[in-house]
1. Can you tell me the convex hull volume per residue for segment 48-149, based on C-alpha atoms, in Å³ to the nearest whole number?
2. Please work out the ratio of the alpha-carbon Rg of segment 222-277 to 2.2 N^0.38 Å and round it to two decimals.
3. May I ask you to derive the FRET efficiency for Glu120 and Arg289 from their Cβ-Cβ distance with R0 = 45 Å, giving the value to the nearest 0.05?
4. Which whole-angstrom value gives the distance between the alpha carbon centres of segment 135-188 and segment 248-291?
5. What are the residues whose amide H is under 5 Å from the amide H of Val150, where those residues sit 5 or more places off or on another chain and H is modelled from the backbone?
6. Which of Ser277, Ser237 has the fewest other C-beta atoms within 10 Å, and how do the rest follow up to the most?
7. Calculate one ³J(HN,Hα) per residue across segment 204-213 by plugging θ = phi - 60° into the Karplus curve 6.51 cos²θ - 1.76 cosθ + 1.60, and present them in order as whole Hz with x for glycine and proline.
8. Which of the aspartates and glutamates could a cross-linker bridge to Lys40, judged by Cα under 13 Å and excluding same-chain residues fewer than eight apart?
Amino acid sequence: MVEAASLEKRYGSVHALRGVSFRLEPGERAVVLGPNGSGKTTTLEILGGFLQPSSGRAWVFGVESTRLSPRERRYMGFVFQDKPGLYPELSVRETLELFGGYYPSPIPPVQLLEGLGLAERQNRRVRHLSGGERRRLELAVALVGRPRLVFLDEPTTGLDPEARQRIWGLLAGLAQNGMTFILTTHSLEEAERLGQRVLLLKDGELLFDGPPQTMIARSGLPHRISFRKFGEHLPPSLASRAVADGERFTLNSLRPEEDLLALRESGLDLADLQVRSPTLEEAYLALVRGGVRVQDATPAG
C-alpha cells in the first residue's frame with residue numbers, strides 16, 4: 001500500500017528527514033509520533049506526492065509518489081494542517097456534495113454530517129464555521145470518496161473532547177472496513193486508541209517502528225507493583241527495590257511475572273495487590289529523551 005525507502009529531505013543545511021524507511025500493508029493503521037520539527041508532516045507530504053524528496057523514493061499503490069495520477073488519487077484522502085481547500089461561500093452540505101461528485105460512489109453527506117456532529121450546521125456557510133467545525137468538515141471531505149488510504153496530519157488538534165471522540169469512533173469504524181490510514185498526532189491517547197503501529201521520529205530519524213505495546217516493552221521502563229503488607233518483612237531480593245509508604249509498598253520491576261511469583265511464594269499477608277504497566281506516553285518520553293534506536297521491532301513484510 002505504502003513504501004518509503006531511505007527518504008531524505010534537506011532544506012539547505014537543515015535535515016528534515018534522514019534515511020526514513022518503512023512499509024504499510026493494506027488495512028494498517030499507523031500513527032507517526034515525534035516532537036515538533038521531527039519530520040512528521042514532511043513524511044506525509046512526500047508520501048502524498050506534494051513534496052519532492054532530496055533523495056530516496058516513496059510509492060503508493062505501487063506508483064512512485066512523485067508520479068501519482070488522478071487515477072490513484074481518487075482512492076486517497078488528505079487532511080493537512082495548511083491545505084484546507086474549502087470554499088468559504090458554500091454551505092457545509094454543498095461542500096460535501098461538490099467533493100462527493102468527483103467520486104463514483106461517495107458516502108452520503110448525511111452519514112458523514114451525523115458521524116462528525118455537523119448535521120445541525122449543514123446549511124451554514126463555511127466562512128461562518130468555528131475552527132473546530134471547519135476541521136471536522138475537512139475530515140469529511142477527505143472521507144467522502146470512500147478512500148482506501150487516508151493521510152491525516154494532526155486531525156483533532158484544537159477540537160473539544162466530544163469532537164475528538166466522534167472522529168476516533170468514525171475512523172475506527174472505517175478502519176474495520178479495510179481503510180488504511182497514517183496520521184500524525186501529539187496526543188498519546190489518540191495514538192493508543194487508533195494506532196496498530198507507531199512510527200517514532202526524532203530530528204528526521206526513525207527511532208522506532210512497531211506496535212505500541214512493543215514500543216512500551218522496548219523502552220526499558222519498569223512495571224510498578226504495589227500492595228499492602230502486614231507482619232513479616234519482604235524477602236531481601238524484593239526489599240532492596242521496594243519503597244514504603246505506611247503499610248503500602250511499591251516495587252519497580254522489569255520482570256513483573258517473576259516478582260509476582262516471588263511475592264506469592266513468600267507467604268506474606270498481602271492485600272490490595274496492583275500492577276501498573278508503563279504507559280505509551282512514558283515510553284515515548286523515554287525513547288525521545290534517550291534517542292535510543294529500536295528499529296529491530298519493525299514488522300516483517
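1. Working: hull volume 10.5 nm³, N = 102.
Normalising the Cα hull of segment 48-149 by residue number yields 103 Å³.
2. Values: Rg = 9.9 Å, N = 56, 2.2 N^0.38 = 10.2 Å.
Cα-based Rg divided by the globular estimate yields 0.98.
3. Working: r = 45 Å, r/R0 = 0.99.
For Glu120 and Arg289, the calculated efficiency is 0.50.
4. Each part reduced to its Cα centre gives a spacing of 34 Å.
5. Gly77, Thr180, Phe181, Ile182
6. Details: Ser277 14, Ser237 11.
Placing the least packed residue first, the sequence is Ser237, Ser277.
7. Values, residue by residue: x, 10, 8, 7, 8, 9, x, x, x, 5 Hz.
8. Straight-line reach from Lys40, under 13 Å: Glu8, Asp153, Glu154, Asp203, Glu205.
The numbers here are math on the coordinates, done by the rules we state, and not lab data. Keep in mind it's a predicted model, so treat the numbers as computed, not measured. FYI the Cβ positions are ideal-geometry reconstructions off the backbone, even for glycines, and counts take in every protein chain you see.
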